[in-house]
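The values are calculated or read from the model by the stated rules, or taken from the named source; none is laboratory data. Keep in mind the model is a prediction, meaning the values are calculated, not measured. No Cβ is skipped: glycine too gets one built from the backbone with ideal geometry, and neighbour counts run over all protein chains shown. Side chains are part of the model used for accessible areas, which takes the heavy atoms of the whole protein and leaves out ligands, DNA and RNA. Shrake-Rupley method; radii C 1.70, N 1.55, O 1.52, S 1.80 Å.
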Amino acid sequence: MSALPTPLSGPPHAPQEPSTRTRHGETVTDEYAWMADREDPRLRAYLEAENAYTEAMTPGVGAVADEIFSEIKARTKETDLSVPVRHGGWWYYSRTIEGEQYSVEGRVAVADHPARPVLDDDQPPTGEQVILDENAEARGHEFFSLGASDVSPDGTLLAYAVDVTGDERYDLRIKDLSSGRVVDDAVTRISAGVAWSRNGSHVFYSRYDDAWRPFQVWRHEVGAAADTDVLVLEEPDPAFRVAVGTSRDDGWVLLVVGSSTSSEAYLLDAEHPTGEPVLVAARRPKVEYDVEVLGDEVYVVHNRDRVNFEVARARWVDGGAVGEWEPLGLTRDDELVNGVDAFEGFLVVSLRTEGQTAVRVAPRDPLSDNGFGATWDIRFDEPVRSVGLGDNPDPLTDTLQVVYGSLVTPPSVFDYDVPSRALILVKQREVLGGYDPADYEQTLEWAPSGDGVRVPMSVVRRRNTPLDGTAPGVLYGYGAYGISMDPWFSVARLSLLDRGAVFAVAHVRGGSELGRPWYDDGRMAHKHHTFQDFAAAADHLVAERYVDPDRLAGEGGSAGGLLIGAVANGDRGRFRALHAQVPFVDVLTTMLDPDLPLTAGEWEEWGDPITDAEAYRWIQAYSPYDNVAARDYPALLVTTSINDTRVFVTEPAKWVARLRDRATNDPARDPILFRTWMTAGHMGQSGRYDAWRETAWELAMLLHLTRRR
């Protein structure tokens, strides 16, 4: 077996060990199947060789990355305070400190601060009680992630969960807030969320099975040994996952079981944590629902009778069961309902209308047929925007926290007074260095796709960037799981825009931007629409002279990395470069192995190629790894993390190795570059400065790969 070459002698070539599999009458050879063993030392050697090769091939990128990092840092208020939220007798907040990677969570007593506390000359509010210093927790670790942080209803204990490797398996710790001492660390290797009983005597959490599926909910008595924990709920169906939460008033523990297309929920009285949970409604195929509890009312968002979901109300009936669902008629058929929040005086519906996010208020009116008066939406005027509810823990409030932003408007937190409909800006993220939103322009474009469907696209650029077809551009896409890529503000992106680049988000099918049918038309047998829409968006950017056709990059991560991989195989000169982040590119192999993380639960998204020959064919038709060909590819940047448990490092490593063997690219003109972050998980580097450096390097690479020839 030959050794891997040094960077300067050419690109690395991984060892080949051909193996075969046969499904539906077809035998496939996989020369890199050995990479499934992530402990094989040859895999790490290959990843390190690729990292060295990438560095050797891009000697000038580091300096540009350093410049961009400095720009991100200079534009960021490093010592800052979040908007404090009142809950019980405390104001809760998080704050950042210049030079520190992570946040500090704190609180101050309302009795000492009747008004919202603020930083005093960059110092913490007087009387601060530190709940959790993430920097102290992270000390000695190259990676740190907080999976849960939840104060008990009586305010005396903190339950928090930490991951110090990036594999998203968390250790639970319970801290006495009066002494600051950890009083319980017995429970380990759990999933992210936790829920308290009403009196703080018990904590509920979920555990993973061997396929990294949260499948059990357990009850833990504070201070007891972990082996005395009690199993509350177990889900045997590998397509379903479990999660835990609490109601707004802390009166109920919510146990939620769901697949991609079906769900059911249980309610457990938090006053009686050892009691039995009550089933809201048994699961039905292709029926999804979620619940919100307030008093004797249960509000249900469901798609039982309407494809775009609707809001219904149920009530408790004799025997502690939940009654029939009564539709409330708060939305139109063409509006997608994302959720409902119940307060004493009104309901708030989060939805999508005409492709944009919206927040709708429904005031209570006991004289009306459904108990609610005329609704209204909280209005914002930008053509491209994102709006939603913030943190609103008090069910008795008349004032909502609303969060808003766009491609040019930094994240903004408002107080919305429901009775007067007054919207008051509380805090907007401060962008230092003289940032002026008026220097940038955002537009909503519609790209005609191959089957005549119009694809929305959010575009931003500096106003002085000419619309003459000479600018570089980055087109971002995702298109899976019904997740919408709503416009978001990015300080780092300013460094791209200020260098004359255009940035666009293609809202392709597979997301839910235009409702549930938009999602359904980009999954299973219709997955090809996702790739078709992305190509159409690229063509539109060129046709409207936003970008130079020879300076356009495509970018996407995870399932969006699958999009990039499929586009790479089908591209014929449309993109100069493509960036695939933690890419899901060996789709067929993964979906054929139910023992891998997420696989069984994903068959409703991609199809089950084990039992369904048709699903096998359509996945095989687009799976990036299975379609690598002997031809020229655009320049490719592939980035991943070694501890990713959602998309194993195996997948991008195999893909790049096969590209090395088959692609006919001139490496000086259109290089294939692969970088693995060796101390991170699916979301990349954990500390904010490390994350900025990662982002700065990727932006510098995109600028490098889209430079003029």
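With the convex hull drawn around the C-alpha atoms of the stretch 558-683, the volume per residue stands at 99 Å³. Cα centroids of the stretch 475-552 and the stretch 383-431: 26 Å apart.
Computed over the alpha carbons of the stretch 140-267, Rg followed by Dmax gives 14.4, 46 Å.
In a solvent-free Debye calculation with one equal scatterer on each Cα, what is log10 I(q)/I(0) for the stretch 186-233 at q = 0.15 Å⁻¹, listed in the order of the q values? For the requested q values the scattering log ratios are -0.36. Largest first, the three principal axis extents of the alpha carbons in the chain are 71, 58, 54 Å in whole numbers.
Under the combined filter of DSSP loop state and at most 11 neighbouring Cβ atoms within 10 Å, the stretch 543-607 retains these trypsin sites (Lys or Arg not before Pro): Arg572. Relative to the longest principal axis of the Cα atoms of the chain, the long axis of helix 41-57 makes an angle of roughly 70 degrees.
Quick one: compute a quarter of the convex hull surface over the Cα atoms of the stretch 456-567 and quote it in nm². Kindly include the intermediate steps, with their values, before the conclusion.
Details: hull surface 26.5 nm².
Spelled out: convex hull of the Cα atoms, projected over all directions, averaged, 6.6 nm².
Among the listed pairs Lys73/Lys427; Lys286/Lys527; Lys175/Lys427, those with a Cα-Cα distance over 28 Å are Lys175/Lys427.
Each of Gly147, Ala115, Ala33 was placed along the dipole of the stretch 23-149 (beta-carbon charges, centred on the mean Cα), and the one lying farthest toward the positive end is Ala115. When only the Cβ of Lys, Arg, Asp and Glu is charged (+1, +1, -1, -1), the dipole of the stretch 268-313 relative to its Cα centre reaches about 420 debye. Three semi-axes describe the equivalent ellipsoid of the stretch 432-494; taken as square roots of 5 times the Cα gyration tensor eigenvalues and ordered largest first, they are 25, 17, 10 Å.
Normalise the Cα radius of gyration of the stretch 154-210 by 2.2 N^0.38 Å (N = residues in it) and let me know the number. Please list the in-between numbers first.
Numbers: Rg = 11.8 Å, N = 57, 2.2 N^0.38 = 10.2 Å.
Here the answer is 1.15, to two decimals.
What a 1.4 Å probe finds exposed on the chain is 49% carbon and sulfur by accessible area, rounded to a whole percent. Nearest 10 degrees is fine. How inclined is helix 613-622 to the longest principal axis of the chain, computing both from alpha carbons? Once rounded, one gets 60 degrees. P(r) tail for the stretch 32-79: Cα pairs beyond 16 Å make up 62% of the total.
Across q = 0.13, 0.24 Å⁻¹, the stretch 383-497 modelled as identical point scatterers on its alpha-carbon atoms has Debye log10 I(q)/I(0) values of -0.67, -1.41, in the order of the q list.
Summed over the residues of the chain and divided among them, the accessible surface reaches 40 Å² per residue at a probe radius of 1.4 Å. Given 5 Å bins starting at zero, what is the percent of C-alpha pairs of the stretch 203-302 in each, up to the one with the largest pair distance? Per 5 Å bin, starting at zero, the Cα-Cα P(r) for the stretch 203-302 comes out as 3, 12, 23, 23, 20, 12, 5, 2, 0 percent.
Once the piece of chain linking Thr20 and Ala56 is laid out straight, how much longer is it, given 0.36 nm per residue of separation minus the C-alpha distance between them?
Details: separation 36, 0.36 × 36 = 12.96 nm, distance 3.51 nm.
Extra length from Thr20 to Ala56 when fully extended: 9.5 nm.
Comparing the stretch 299-360 with the 2.2 N^0.38 Å rule of thumb, its C-alpha radius of gyration ratio is 1.19 (two decimals). The C-alpha atoms of the chain define a longest principal axis, and helix 559-570 lies at about 20 degrees to it.
Its alpha carbons considered, the stretch 262-405 gives a radius of gyration followed by a Dmax of 15.8, 50 Å.
Determine the shape class of the stretch 416-456: with a ≥ b ≥ c the square roots of the Cα gyration tensor eigenvalues, call it rounded for a/c under 1.5, and otherwise prolate if a/b is greater than b/c, oblate otherwise. Write down the numbers at each step before the final one.
Values: a/c = 4.55, a/b = 1.56, b/c = 2.91.
Oblate shape, in that a/c is at least 1.5 and b/c is the bigger or equal ratio.
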